[in-house]
Each structure stands twice: as C-alpha cells, then as structure tokens.
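Trainee: Here it is: the structure, laid out below.
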Amino acid sequence: MQKEMTTIKLEPQRAINIYDLTLPQLTELMKSWGQPGFRAKQIYIQLYRNLAPSFEAMTDLPAALRERLTAETKLGVLQLVQEQTADDGDTRKVLWRLPDGNVVESVLMLYPDRATICISTQAGCAMGCVFCATGRMGLLRNITPGEIVEQVLYFERNLRNNGFNAAHRHDHITNLVFMGMGEPFANYDRWWTSVEQLHNPQGFNLGARNMTVSTVGLAPGIRRLSTEKIPLNLAISLHAPNDELRSALMPVNRRYPIDELMAATQEYIEKTHRRVSFEYVLLQGQNDSVELAEQLADLVKGMLCHVNLIPWNPVPGAPLQRSHRKQIESFQNVLLERGIACTVRAERGVAIAAACGQLAAVPQPA
Ligand code: SF4
C-alpha cells in the first residue's frame, strides 16, 4: 500500500519582542544562549532604566551578544503612524500600528505639576459603552505586555530627551492611567504583566500609587485586583446610579449589575483600605439630573471613594450631547452637599479626539 505523503507547513518563527519578556523569562533566554547569570539583569537595566534605543547602544554587552539579540529578537514592535498635539503642545496623541496591522492610541497630558500618560490595553473594546468611540470598534485583539509597555517607554524617552517642547516641561512620566482603548480586566494577565514590568524596582520603577487602572466594572477583575501585591489605584466607570439606565449606557451592566459591582467594590475597599474613584460621564438629559445625583449619593454614601465627573466629549455619530455647565455644577453640588468628595475632570485633547472616550484609532486630518 502506498503511504500517503503529508506536508507539514512550518509557520515562520516570529522574533520575540524583548519587551514581552519579564526578568525571569529574559534570564531563561540568556541561560539557553549560554550567557552568564548577570546578563539578563544588564539587558533589563538597558531596556527599562537606560531606555536604550537599540541593541547596538547597549555597549556594556559583548558585541556577539548584541548581534544575536538584533538577529533573533525585536526591540519593540510598535510603529508610529501619527502624532498630534493640542493644548499648546501639552496634549500629545500617538497612533500606533501593531505588527498585525491593528492600531492603538496613547495620550500624554502635561500639567504644571505632573506628566500623565493614558495607555491602551486592547485594540478596540468589546464592552460597547454607547458614549465611547472605542466601544464602536468592537474588540480587535488583546495586546501583549510588550505592546503596552512600549507605549509608556516612548513618552518617557522623549520627555527625558527634550520634554516635547511643551509649555509644561517634565523630564519623566509621573502618572500612568490605563484608561485608553480597551478594558484592562478583559486582558488581565497580559495587562498585569505590564504593570509588574513598569513597577519593577530593578527596571522602570514607576510607583504603584502613580498608576491607575480604570474598569468598566468587571466584578471578578476588581476582586482579583484586591489580592495583588502592587497597590495601584482603581477607578470604576459607573456613569449611572441604577440598573435600567446603566444597562442602557453600558451593556456590561447586564452581566455585572450595580449590586454585584458595588459588592465587589466594597470588598476591594475592605481588603485594601484604598479609596476608589467612581467615574461618571455627564450626558445631557440622560444621566445628569439632580434626582440621579441624589441616587448616586445614596449609592456611594459611606464608601471610601471619590466621584470624578467627566463632561462628555463628542464622538462622531453618537446621538448624545454634553451636559450644560450649569447642570454639571448642580449635579456636583448635590454630591458635595451630601458629603461626597467630587471633582469635575479638566478637559484635554478634545480638538485631536484624544479626550476620554474619543480614542478610535482613526488617523486625524493633519
Ligand atoms: S468606555 Fe472603556 S470599556 Fe467602555 S467601550 Fe470605551 S474603552 Fe471599552
């Protein structure tokens, strides 16, 4: 009998993105290459402290190793597609292309006292919040730890070098918010690896209290976060104080209704003793009435929390309006009178669609 021939098609080996590797993984790799034990740490310092722009620039490594690293790994995979500025250079949005052609965005916001970056954790988002441009894209894919970290390193490198010539000069990132495209808890493992990488005192060493993660309200993610060792800040997108309204604005509420969300949040507070922020985007005639402010006050009363009111930023095609200034003030006053800490978020980057909820990974006209 004739033997059937099968052809095995080998996928071309993709080079490792070195930013995807944790220090123990890098140590493993160096070991497999026959390198001495201290090499991985040397490379890690070059990557995260010195922000080396190339393997060639890592002059404390032997030339042969630099060549092998260049041949077999990649020092980052993000390709800068477009960079735009607003607010006299104090807001800067970058559009990145990922190796598979998907795109994500990140935003730098410079203030007199801080330099904050807003980072994406997914390409697109599956959560479908009606007021958000990213939600309209659907989920394209989860991005890798390296693809998250690289967004941060780009801004840090540029701040160190020239401060982007903005009015408010900073030479390093002071704050990081995971509030760009995507829901971090829907990409938890990869996102958390990026947090560990950025926090690692042997490398980038960004303080836990300088990082904030924002969630749409995935209760299991909130519970999981409360067990983590890195005490970063938690912001919860609430946007409505009752299930009917919240489900209309945020489909995720049908999966994790307000009772469950608040129970998970309370558990988080009791376990960590950390204050949470509730984010509340204000939409004219939808969720901005004084009655709803009262409901919101009842809902969060007694919790260790802060409410952050966000005037809605326009999203093309969304049949919504931003609340009037007077209405925002009335809403805020109700909360303040009820003893709830509450601020209104300052606007940034609206002109270049870099503000909250506007990120849609669409190149803007120059
Ligand atoms: S607001 Fe956040 S969770 Fe909701 S669709 Fe937009 S990116 Fe996703």
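Taken together, the values in this text are just the output of simple stated rules run on the coordinates, not laboratory data. This structure is a prediction, so every number in the text was calculated from the model and none was measured. Every residue, glycine as well, gets a Cβ built from its backbone with ideal geometry; the counts of neighbours run over all protein chains shown.
Trainee: Pull out a ≥ b ≥ c, the square roots of the eigenvalues of the alpha-carbon gyration tensor of the range 177-237, then state rounded if a/c is under 1.5, prolate if not and a/b is larger than b/c, and oblate in the remaining case.
Mentor: Taking the square roots of the gyration eigenvalues as a ≥ b ≥ c, the range 177-237 is prolate.
Trainee: Given contacts defined as C-alpha pairs under 8 Å and at least six residues apart, what's the relative contact order of the chain, whole-number percent?
Mentor: Value for the chain: 15 percent.
Trainee: Given a cut-off of under 8 Å on Cα pairs at least six residues apart, what relative contact order in percent is computed for the range 44-194?
Mentor: 22 percent
Trainee: Still on this structure, please answer the following. Normalised by the number of residues in the range 17-74, what is the relative contact order in percent for Cα pairs under 8 Å and 6+ residues apart?
Mentor: 31 percent
Trainee: So what's the angle, to the nearest 10 degrees on a 0 to 90 scale, between helix 188-199 and the longest Cα principal axis of the chain?
Mentor: Approximately 80 degrees, to the nearest 10.
Trainee: Still on this structure, I have one more. Please report the base-10 log of the normalised intensity I(q)/I(0) for the range 272-340, using a Debye sum with one equal scatterer per alpha carbon and no solvent, at each q in 0.13, 0.17, 0.22 (1/Å).
Mentor: Rounded to two decimals, the profile gives -0.38, -0.61, -0.92.
Trainee: Step through the table entries 93/301; 31/74; 74/229, compare each Cα-Cα distance with 26 Å, and write down the pairs that go over it.
Mentor: Beyond 26 Å between Cα atoms: 93/301; 74/229.
Trainee: Quick one: pull the percentage of alpha-carbon pairs in the range 17-74 with a separation above 16 Å.
Mentor: That tail contains 34 percent of the Cα-Cα pairs.
Trainee: By how many nm would the segment from residue 157 to residue 32 grow when fully extended, if each residue of separation counts as 0.36 nm and the alpha-carbon distance is taken off?
Mentor: Difference between extended and current length: 42.0 nm.
Trainee: Put a dot 7 Å past each Cα toward the Cβ at residue 25 and residue 111; how far apart are the dots in nm?
Mentor: Modelled inter-label distance: 3.3 nm.
Trainee: I need the semi-axes of the equivalent ellipsoid of the chain: take the C-alpha gyration tensor, multiply each eigenvalue by 5, square-root it, list largest first in whole angstrom.
Mentor: Semi-axes, largest first: 39, 23, 21 Å.
Trainee: Right, next: Be a star and scan the range 165-200 for residues whose amide nitrogen sits under 20 Å from the point 7 Å along the Cα-to-Cβ vector of residue 224.
Mentor: So the set is 177-200.
Trainee: From zero up to wherever the largest Cα-Cα distance of the range 55-139 sits, split into 5 Å bins and tell me the percent of pairs in each.
Mentor: 3, 12, 14, 15, 14, 15, 12, 7, 5, 2, 0
Trainee: Can you tell me the dipole magnitude for the chain around its Cα centre, using point charges on the Cβ only (Lys, Arg +1; Asp, Glu -1), in Debye to the nearest 20?
Mentor: Dipole magnitude for the chain comes out near 600 debye.
Trainee: With each label point set 7 Å from Cα along the Cα-Cβ vector, what nm distance links residue 272 and residue 338?
Mentor: A separation of 2.3 nm, rounded to one decimal place.
Trainee: Calculate, in nm to one decimal, what residue 169 and residue 196 gain on full extension: separation in residues at 0.36 nm each, minus their alpha carbon distance.
Mentor: Full extension of this stretch gives 7.0 nm more.
Trainee: I'd like the antiparallel share, as a percent to the nearest 5, of DSSP beta bridges with both residues in the chain.
Mentor: Beta bridges within the chain, antiparallel portion: roughly 45 percent.
Trainee: Still on this model: Label-point separation (nm) for residue 318 and residue 298, each offset 7 Å from Cα along Cα-to-Cβ?
Mentor: Spacing of the two 7 Å Cα→Cβ label points: 2.7 nm.
Trainee: Continuing with the same structure: Considering every Cα-Cα pair within the range 216-332, what fraction, in whole percent, is farther apart than 22 Å?
Mentor: In whole percent, the long-distance tail amounts to 34.
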